[in-house]
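Nothing in this text is a laboratory measurement; each read-out follows from the coordinates by a stated rule. Just so it is clear, the structure is predicted and the values come from calculations on it, not from any experiment. Here the Cβ is made from the backbone with ideal geometry for all residues, glycine too, and neighbour counts use every protein chain on show.
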Amino acid sequence: MSPRNGDAHARRTADAVARRSYGKLVAFLAARTRDVAAAEDALSEAFASALTNWPLTGCPASPEAWLLTVARRKMIDDARRRRSGETAATQLQVLAEGLDAAEADVANDLEVPDQRLALMFACAHPAIDAGIRAPLILQVVLGLDAAMIASAFLMSPTTMGQRLVRAKDKIRQAGIPFRIPDREELPGRLGAVLDAIYAAFAEGWADPGGTDPARRDLAEEAMFLGQLVTELLPQEPEALGLLALMLHAEARRRARRNSEGEYVPLAEQDPALWDSRMIGLAESLLMRASALNSIGRYQLEGALQSAHVHRRRTGQANWAAVVQLYDALWALCGSPVIAINRALAIAETDGPDAALKAMQEVAADVRLTEYQPYWAARAQLLAKVGTYTEARRAYEIAIGLERDPAVRRFLQRRQLGLALSGLQSDII
Amino acid sequence: MQYLLVLYSNESGWSAMPPAEQEQAMGAYHAYTEALKKAGVLAGSNRLRPISSATTVRVANGKTQVLNGPYADSKEQLGGYYLIEVPDLDAAISWAARCPGASHGTVEVRPVWPTRA
């Protein structure tokens, strides 16, 4: 192999290992010391030295084990250098003990044990600020860099970087364990992990055209994490429900924009454009989840998506089922966002007056004043009952709050067309 | 790791309690302390006298200021602590949750900054 080829091959192998094993290696390296930042630093140096060495020596038989050994040596060196540090001595001892074990594993060509789930539970620990859990998981489990995560979460890279550093410090200093919670704690704690994954997905979902690479990847990465959780905890119905929900949503990605790049609301989407493979997967996940007999938020949301798929089979949406599912969700979570979507579904079964009345129940919630879908839904319902001035004003507010230009143009068209004709409804 | 469980609660609530209730509350603390000892995790513990007994000291520009009262006026006051030795934050949290103070006040869990190096 020529050096140039070797170089490319080494890079490809390193990239592949990074993608497949990054989180596994971070989890394994940080599990005992709880020092995620040190593990990441050591690992990034190990990847760098792989790129230097592998072209010359050839790729090792077990690239993961090779990287692990190099990274661990690096962590020990760093801990030695930082002798004055708070826990240098104990850390050294822990590292040295672990190194022996790891080298034995490498010698026996064993796989690096997968502690990614434990790492996710540490990142989504109740002691970690809820808003930074999703970014933290994306960084430490998937190795995404802070700038990319910052752009996806609409935060400045500096702020994101600082918050990630603080969260990692918290894990280390507060002694947050890398462990999968016991059975009785698991439902609550798993919820936080799933919420973080869904938050990542939602950020990715906010770019329907897939034109922003950072966001598009985010949806994919979130589905990867969702898949991972279902593999590691196959008996958790909510994990299955979340993956089903994400697959159902992702299945409609292509239908969310027309050929001119304009926004197409769900009710007007062409079901033929929905991805049937993903829908099939999602449906079978929901079946598996319901067999486990413990309903929850993500299963209900997944089932809602599934009710929309009904239209693909029958040509007609099953609004009665949608309202029922929203009722259940509303009873379970009571979030104003659910109330809005529930009202829109009620509009389909009981008419716009009933929907406006249902929405009135949550109108006082201050969280809604800057929530675009609330104003868009309100505008749509007001237009249906013929109160055009109020409808126009609600559209005005919705337009002012929207960040996606295609949705903004859609709302503007709706606002313009207000007086013209009866409007079709949709869930935005 | 060592954690300090810092107990905050409303002092006036305590003084307003009838003696029988106070006794029951003391009994709960006693049982909790015993449980910590039995588990081998207790490294130290004290109950503090009310904030009316507190004095605040600060040295500024070489002058010592002595003030009557606690450092911070708040709805709930620092009333005591437990110092415990447990493997991780989850263990500390589960002990904090068992503390009677968590039910009638707030328990803050703080990792101790290790000094030996």
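Brief remarks on what is shown
- Net charge over other residues, Cβ less than 12 angstrom from the Cβ of A:Gly161 (K, R count +1; D, E count -1): +2
- Segment B:50-117 shape via C-alpha gyration tensor axes, a/c threshold 1.5: oblate
- Dividing the summed helix terms, -39500 (n - 2.57) for each DSSP H run of n ≥ 4, by the number of residues in chain A produces a 222 nm estimate of -23500 deg cm²/dmol to the nearest 500.
- Extended-chain gain in nm, criterion 0.36 nm per residue less alpha-carbon gap, A:Met287 and A:Arg73: 72.3 nm
- Paramagnetic reach from A:Ser49 in segment A:4-42 [backbone N under 12 Å; point 7 Å along Cα→Cβ]: A:42
- Between A:Glu184, A:Glu250, A:Glu390, the GNM of chain A built on Cα springs shorter than 10 angstrom shows A:Glu184 fluctuating the most.
- Given R0 = 56 Å, the distance between the Cβ atoms of B:Ala20 and B:Asn68 translates into a calculated FRET efficiency of 0.95.
- Within-15-Å neighbourhood charge of A:Gly188 [Cβ basis; K, R +1; D, E -1]: -2
- P(r) weight above 43 Å for the protein assembly as shown, C-alpha pairs, percent: 35
- Expressed in Å, the radius of gyration and Dmax of the Cα atoms of segment B:1-94 are 16.5, 50.
- Modelled label positions at A:Asp350 and A:Gln235, each set 7 Å beyond Cα in the direction of Cβ, lie 4.1 nm from each other.
- Cβ-Cβ FRET estimate between B:Glu108 and A:Thr158, R0 fixed at 25 Å, reported to 0.05: 0.25
- With both labels modelled 7 Å from their Cα along Cα-to-Cβ, the A:Arg254 to B:Ala43 distance reads 6.1 nm.
- Helix A:3-30 and the long axis of chain A differ in direction by around 80°, with both axes built from C-alpha atoms.
- Residue list for segment A:303-345, given a label point 7 angstrom along the Cα-to-Cβ vector of A:Ala363 and an amide N cut-off under 20 Å: A:335-345
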